[in-house]
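Everything on this sheet refers to the single structure shown next.
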Amino acid sequence: MSRVASDTVGNGALVPFSEDTKDSLAVYPLHHGLAPPISRIAISWARGNSLRVSLFATPSSEPSRTPQDQSGGKVLEVKLGVGDPEISDSRWRQIAYGSVAPFALLQSRRSALSEMIKSSSPYQMDWWENVLEYSKDITSLLSGPKLPPGPIIEERTDIVKKREEPTCLKAAWELLEIFYADKQSQAWLPEKLVDWLADYDSLFSSTHETVYGKLARFQKELVDIQVLEDDPRYWEVMSSALSVGWLDIVVKMLRLHGSYQLDQLSNRELENGLVEAVAVLISKMPRLCHESTNGKLGELFKSKPDFIKAWEKWRSQITKLDCSPFWIQCGNHHTREGLRNLLQIMLGNTESLCMATCYWIELYISHFLYIRPFTTGIESMYNLAQKCIQLKPPSSNHKLTGLIVGILEENTEVVLAESSREFGPWMVAHAIELLTAGSEQAEIVLHDERYNLGGISMIELHRLVYAQVLSSHALTWQIAPIYLTSCMKQGMGLLENLLYRQSIQHNDLLLKNIEICRLYELDHISSDIMKVAGVYHWKHGHKGAGVYWLQQSKDTSRLNRIAQQLFDSVGKSISDESFKQWEGLIELLGSESKPAGGLEFLHKYRDFKRSLQQVYGGKATDAARQAVGSLILLMKNPSTPQRFWLPLLYDSLKLFNWHECPLLNVSETNLLLNKLQELSWARLRPHFSEPNLPAEALSSIRLALATNLGRAILDE
Amino acid sequence: MAATAMLESERPVIHRLPQHKYIDAVRWLPPLSTFDRFAVLAAFDTDSGSSSIEIHSLNPNPLSLQPHSSFSSSSRVSSLRASQFLQKTVVAASTAAGSLHILFSDPADATFESEVSMPEEEGLHSVPGSCVDLMDGGVECVTVGEDGRVNLVSIGNSNLSCDRLFDSGGLVSYTAAKWASPMEFATGGYGFSLQWWDKRKPGGPVSQFKANWDQKFTAGIVHSIDIHPSRKHTCLAGGSLGTVFAWDLRWQQQPIILSGAEVQSISESEVWEVQYDRCIKSSATSTRILPAMICSEDGILAVIEQGEEPIELLAEPCAINGFDIDRHNPSDVICSLEWEAVAILTRR
């Protein structure tokens, strides 16, 4: 158990420590700028891999002098871990973005396939082809940027070339592809591994000596060496390169031999002949390969019998040259021994191979090349690997070796564990697709629902873990739903959590969130989110936005509640001039069909006010009649708040006293009088708020109504 | 509805350029010389939590964007405009915190030369979200916000002066703005509302678009407005639910729906930006709405035209948050993609 000491050292850094793991000690300096002493520290998880550290300063007993001193504490976020040294955070995000489409495509193909199986069509045997296509997409995604092409005129001494910066991640992915996804290459596995090592040998230089490392170092010194063939390193490097099958490099280096120089050719004819003979033999090495690997040396054979024939012939040519009498006549000791060593490597001399290679994987590859080119079956490959590990025991473990051993052991769980430990959740979540394509047994292991995982399968577990990682970052949470929805058991629940957790403050983010709800038909969630947004905007004074979101979520009860609050300010501020401000909000409420809760009152109120305005402007009786119509509608409507009754009636005084004719008929007048009566009862109740009207308002309304009633009765 | 299939030879050339930062907004800069081309990007770096407004130069062969000049902004940019004024390039950016930055760039080498800002403390807008539009010729900005304020900001060499034209006190929020003439501009907001304003008539919008949307039609939010210089009476707006409509001031009640609802909808999600497409020569008569380009949350960049099938230019697996058509070279379009990248299209 590691303990965290909440102890502040000199510079105020927080130092986590544990007695038994001193190596893993990590120090994160905190620049909190608080004056010591710190009285209390609280630590909690923040988003992703960050800790939220809250520091509380000791409250000083004496009054602080400057305002800066008053800060009683500070909250900081500390990002844990230094991340992946090989791949930056932004590159990881790019990988995450790029893998969405291939993953989604594969999932949709899988569900289409399972539909087909249900409809009892013959089982598709070529599922692995889909997986391979997926794997190729991911591989191209993992490819780093192409390195700038070298100078057009190639230096004579350019031996090793890199097309792109290799990464362990891509190396691991390709390894999984070779073993699990690419069923076609099963017969050419060893040859595939040779190619793989040629691409990624440089990666192993970080932990041990490699052929690539030797070559790269030698290349640097090459220009300074006067007589190349007299330097033992020249021969050593060549034998190493040959042992792992880098034929073009060896041939190129052989051609640098001093005997090729024009001034020397005449007196070193025999020596040169031997060098050339070896170079030709190397370039004629038969390779079993199903596709032409452009530009590579060696003779390619697609069928095994052809290859075996060529292999035997080639071996006999080497033996013949090895036994040739010319060697005795060759004067240059270095050339003679060097060339013969190369021949020994090609003949598969275990000792020479062991000498030439640097670590067990290189030795392993050299075995495939020169001793057992016909190795097939994972089991025999595993036995060979064990033999090589015995011959060259690894001094330190590289990221990739654990994975290789796991694959050769055919232990799916080890492969998963290694991928997860060394390459993280992205790798596991995506590589699992390759593993399930690998074998039925692996598929059972991975799809099996496990009690100890809470009833979910390994596949689901790893997808969920990856989705959690995505969810924890502000820029990647949007792709988490794609992975969550592919998880049958827990996915939807976690997706709902994720969507609820997003901030609703900014419209862009809110709308992106709602869009995801729409895609996955999570209407209840989007309606909840819109409610939250509505309340947020309302509370922050964006009344229009609040009303909009509550309307969108069809939340009538909240609309009714906010209507009451809104009317308070309507009552105060609506004069004929400031009504312009309200126009927009009323427009927003839209047509009658939309849920507006109590707010629909505003609509009618606006209509009434407008026709009233016309009445005051012109004198048209028509406008006045319209205004009366609106008034009656308002007074009849149960959603009209009681507190508006009196102001409405007071505003309408002119209508009641219309001199041309009574505008209200008997029943309408009675309705208004009844309302007035109701109002005087309501006054007796507590909490009644008196409208801000002149004292004589009520009596003048009564009088006007009574007059109108009289006139109306006479009319009728 | 399916978009018209394009012939292989007609397809635009597309370059996707990863930026390793979230691109909040993107604009072409008016060209300074025939050979150099520049774009201005508003970027947000999540690793450091910093926002910046960057001028990038566009290098051909292979097409790439090279950082050229940068200004670090105090908060994330919510909208970005670029224009030219007296041989100087003016870039206007409003931020999520409610501040406004006006950047002047040197005409000779396209680097930021000077800057005037209206910091958030001056209360141009209260958070969150505001939108700016720079008048053509660049002496005045209009800024509108969710807080319901409509400000006119005139740009001086060393200072900005702000004049509040209207304040709805939050009763109405504005989410888009666009100048129509040196005196008039349009704004948009919630419920597909549009307002027409005249500088000379403060106190409220001169005209409001009162749509009689169908019963079935759900209203959304206007995200972007464009007004064509030759047809100032028509206001083109794009917003939620794949809706693009035009509002003709002369026929106030009836919107002309170009996309959305049951009209040839190419997208069902948010239309983040609309611009008249000056590249396509319309066969349409003068009564029809000119062709327009849109980009959407579901990753579509397309050209729509009244009564025609939409033409899909780009279909991305992620959202296209914004785009800009190069005014001087309308076949070129720059888009900001959700996944920390920029795409540049060249139409043939």
Point to revise | Check on A:GLU515, within 14 Å of chain B (Cβ to nearest Cβ), closer than 28 Å to A:HIS462 by Cβ and either in contact with a Ser or Thr (Cβ under 8 Å, 6 or more places away or on another chain) or among the aromatic types (Phe, Trp, Tyr) (or both) | key: yes
Check your understanding: Taking the condition of a type outside the set (D, E, K, R) and surrounded by 20 or more Cβ atoms within 10 Å (Cβ to Cβ), does A:HIS524 pass?
Key -> no
Exercise for review: Only residues that are assigned to a loop (DSSP other than H, G, I, E, B) and within 23 Å of A:LEU408 (Cα to Cα): list them for the range A:439-457, please.
Suggested key: A:SER439, A:ASP448
Point to revise | All positions within the range A:452-498 that are small (Gly, Ala, Ser), within 14 Å of chain B (Cβ to nearest Cβ) and within 17 Å of B:CYS318 (Cβ to Cβ) | key: A:ALA474, A:ALA480
Review point. Could you count how many residues in the range B:152-179 are within 24 Å of B:LEU249 (Cα to Cα) and crowded, with 18+ Cβ neighbours inside 10 Å?
Key: 13
Revision key, fill the gap. Residues in the range A:492-540 that are in a helix (DSSP H, G or I) and in contact with a Pro (Cβ under 9 Å, 6 or more places away or on another chain) total 6
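Yes/no per residue for (1) away from chain A (no Cβ under 14 Å); (2) buried (at least 20 other Cβ atoms within 10 Å of the Cβ); (3) touching a residue at least 40 places away in the same chain (Cβ under 8 Å):
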{"residue": "B:THR46", "(1), (2), (3)": "no, no, no"}
{"residue": "B:GLY49", "(1), (2), (3)": "no, no, no"}
{"residue": "B:SER79", "(1), (2), (3)": "no, yes, yes"}
{"residue": "B:VAL90", "(1), (2), (3)": "yes, yes, yes"}
Study note, to complete from the structure: Residue pairs qualifying under the 6 Å Cβ cut-off, at least six apart or on distinct chains, with the first in the range A:255-279 being in contact (Cβ under 8 Å) with a residue 12 or more places away in the chain and closer than 16 Å to A:TRP235 by Cβ and the second being basic (Lys, Arg) and crowded, with 20+ Cβ neighbours inside 10 Å, are A:SER259/A:ARG268
Check your understanding: Taking into account only those residues within the range B:134-161 that are over 14 Å from B:LEU103 (Cα atoms) and among the acidic types (Asp, Glu), which is modelled with the lowest pLDDT?
Key -> B:ASP136
Check your understanding: How many residues are surrounded by fewer than 22 Cβ atoms within 10 Å (Cβ to Cβ) and either more than 11 Å from chain A (Cβ to nearest Cβ) or in contact with a Gly (Cβ under 7 Å, 6 or more places away or on another chain) (or both) when one looks only at the range B:327-341?
Key -> 6
Check your understanding: Looking at the range B:180-204, which of the residues that are farther than 18 Å from B:VAL132 by Cβ and surrounded by 24 or more Cβ atoms within 10 Å (Cβ to Cβ) is farthest from the other protein chains (Cβ to nearest Cβ)?
Key -> B:PHE192
**Study point:** Residue list for the range A:215-231, restricted to those being at pLDDT 85 or above and under 22 Å from A:LEU281 (Cβ atoms)
**Key:** A:LEU215
Study note, to complete from the structure: Filtering the range B:127-169 for residues that are in contact (Cβ under 8 Å) with a residue 24 or more places away in the chain, assigned to a loop (DSSP other than H, G, I, E, B) and within 14 Å of chain A (Cβ to nearest Cβ) leaves a count of 6
Review point. Hydrophobic (A, V, I, L, M, F, W, C) and either modelled with pLDDT under 85 or out of contact with any Cys (no Cβ under 9 Å at 6 or more places or on another chain) (or both), is that true of A:LEU321?
Key: yes
**Study point:** In the range B:23-58, the residues that are in contact with a Phe, Trp or Tyr (Cβ under 6 Å, 6 or more places away or on another chain) and of a type outside the set (Phe, Trp, Tyr)
**Key:** B:ASP24, B:LEU29, B:ALA39, B:SER51, B:ILE53, B:ILE55, B:SER57
**Study point:** One residue from A:LEU648, A:LEU633, A:LEU566 being modelled with pLDDT of 80 or more and closer than 30 Å to A:LYS539 by Cβ
**Key:** A:LEU648
Review point. Which members of the range A:353-398 meet the condition of being assigned to a helix (DSSP H, G or I) and closer than 18 Å to A:MET285 by Cα?
Key: A:LEU353, A:ILE365, A:SER366, A:HIS367, A:PHE368, A:LEU369, A:TYR370, A:ILE371
Check your understanding: In the range B:310-326, which residues are touching a Leu at 6+ places or on another chain (Cβ under 7 Å), among the hydrophobic types (A, V, I, L, M, F, W, C) and within 14 Å of chain A (Cβ to nearest Cβ)?
Key -> B:CYS318, B:ILE320
Point to revise | Enumeration of residues in the range B:270-305 that are closer than 14 Å to B:VAL222 by Cα and either modelled with pLDDT under 90 or more than 14 Å from every other protein chain (Cβ to nearest Cβ) (or both) | key: B:VAL274, B:GLN275, B:ILE294
Review point. Residues of the range A:522-546 being of a type in the set (D, E, K, R) and within 14 Å of chain B (Cβ to nearest Cβ), which ones?
Key: A:ASP523, A:LYS539, A:LYS543
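The values are calculated or read from the model by the stated rules, or taken from the named source; none is laboratory data. Values in this document were obtained by computation on a predicted structure and should not be read as measured data. When we count neighbours, we look across all protein chains shown, and the Cβ atoms used for this are built from the backbone with ideal geometry, even at glycine.
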